[in-house]
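The values are calculated or read from the model by the stated rules, or taken from the named source; none is laboratory data. If you're wondering where the values come from, they're calculated on a predicted model, not measured in any experiment. Glycine also receives a Cβ, built like all others from the backbone with ideal geometry; neighbour counts cover every protein chain displayed. SASA here: full protein model, heavy atoms, side chains in, ligands and nucleic acids out. Shrake-Rupley method; radii C 1.70, N 1.55, O 1.52, S 1.80 Å.
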Amino acid sequence: MGDGKLTTKEWLIGLVEPGFILSMATSYYIDSNLKAVLRGQLLAPILRSQELRDEAFGKFWVAFSSNREDPQPDQTPEPAPPTQTAAGQVQTSTDLIPPILAQASGIVLDVGPGTGTQMPLLKSPAIKAIYGAEPCAGLHAELRKRAAEEGLADKYTILPCSVVQKELEGEMAKYGLVPGGEDGRGVFDTIITVRVLCSVPEFERTTAELYSLLKPGGKMLVVEHVVNPWTTPKGSVLARVMQGIYHAFGWRWVMGDCCLNRDTERVLRRVAEKDGGWESFDMDRWFGATCMPYISGVLVKRK
Ligand SMILES: C[S@@+](CC[C@H](N)C(=O)[O-])C[C@H]1O[C@@H](n2cnc3c(N)ncnc32)[C@H](O)[C@@H]1O
């Protein structure tokens, strides 16, 4: 399902697939609420709604991501730059991830790693340490297990928090990571965001905070689903309407605050404007006819 012509079947799957994801996530949400009520906590769905949402999303994501095929490292000896990814080789969003994450090096911030499905792609010796900021406590056991299985237990540290500055700074401090860096010029050589900028609160502000944590010359590695570019020839009005319908049926509520309608490329460009823009901004767009259009790319901060 690249950006070339879709078959009718691929196009239809692209439109209805989020509906299946939504119904699965909703069933986990209902289950968590019912169990709380059956335990005698009759008002839990109201008084502990956020806690139950988190619990249900954690269980859903463990089940969902275990059914999904993990991205595997590129077999090519040298990682192919993302711009060389042949459109014909990209079947699903998972195919976008390996060439992008192959660019990771140094001290890495892995934003919202979930159950760690990206872990097999983070074994490069160029990576010195990885900090995974994952606020959903229900995913930590799986994430820790995955790090151990991939031989990354010594390199991978879970930060049990959101990446909003006030939470992240406290957790970073425990590992001697000063937010401005020792010279006040950033902390991380690489920041990875894979399917997570759709969920962070205060989107623009949080993205700007992440940008400030990047060292000069550092890379932001991005694979994100975004709002359908329906006003452009690559987009689809129907898919944009379907995104709205999924939202109306509770997508955000049961999907860990995920938004289908974020213009992530625009925000990523904007956060670097105060420095005169990114040094380089290589971004590709994919699956424009569907409800899950993607951007993928490598952004380099000016030195
Ligand atoms: C759709 S999942 C993607 C997980 C993983 N990146 C992947 O592609 O398999 C989104 C993840 O972002 C996490 N997340 C949500 N809000 C976050 C925040 N404010 N800071 C960090 N992670 C967050 C969720 O807990 C969840 O694990």
Taking θ = phi - 60°, what integer Hz values does the Karplus form 6.51 cos²θ - 1.76 cosθ + 1.60 yield along region 228-243, in sequence order, with x for Gly and Pro?
5, x, 5, 8, 10, x, 7, x, 8, 5, 4, 5, 5, 5, 4, 4
Rounded to the nearest percent, how much of the accessible area of region 82-300 (1.4 Å probe, protein heavy atoms only) is carbon and sulfur?
52 percent
If you keep only loop residues by DSSP, which chymotrypsin sites (Phe, Trp or Tyr not before Pro) in region 242-288 have at most 15 other Cβ atoms within 10 Å of their Cβ?
249
Looking only at lysines whose Cα falls under 23 Å of residue 219's and that sit 8 or more positions away or on another chain, we get 123, 128, 155, 166, 274, 301, 303
Compute, for residue 7, the solvent-accessible surface of its heavy atoms (probe 1.4 Å) with the complete set of protein chains present, and express it in square angstrom to the nearest 10.
70 Å²
From the square roots a ≥ b ≥ c of the eigenvalues of the alpha-carbon gyration tensor of region 169-284, which class results: rounded (a/c under 1.5), prolate (a/b over b/c), or oblate?
oblate
With springs only between Cα atoms under 10 Å apart, run a GNM on the chain and tell me which of 235, 151, 288 wobbles the most.
151
Diffing region 279-288: the Karplus 3J(HN,Hα) column from phi (6.51, -1.76, 1.60, θ = phi - 60°), in whole Hz with x for Gly and Pro, holds 5, 9, 9, 9, 9, 10, 10, 9, 6, x
Arrange the residues 183, 263, 54 by how much accessible surface each exposes, largest first, with a 1.4 angstrom probe.
183, 54, 263
Counting only DSSP beta bridges with both partners in region 82-300, the antiparallel fraction in percent, to the nearest 5, comes to 40 percent
Long-range HN-HN contacts of residue 277 with modeled amide H, under 5 Å:
none
Compute the accessible area per residue over the chain, keeping the other protein chains in place, probe 1.4 Å, unit Å².
47 Å²
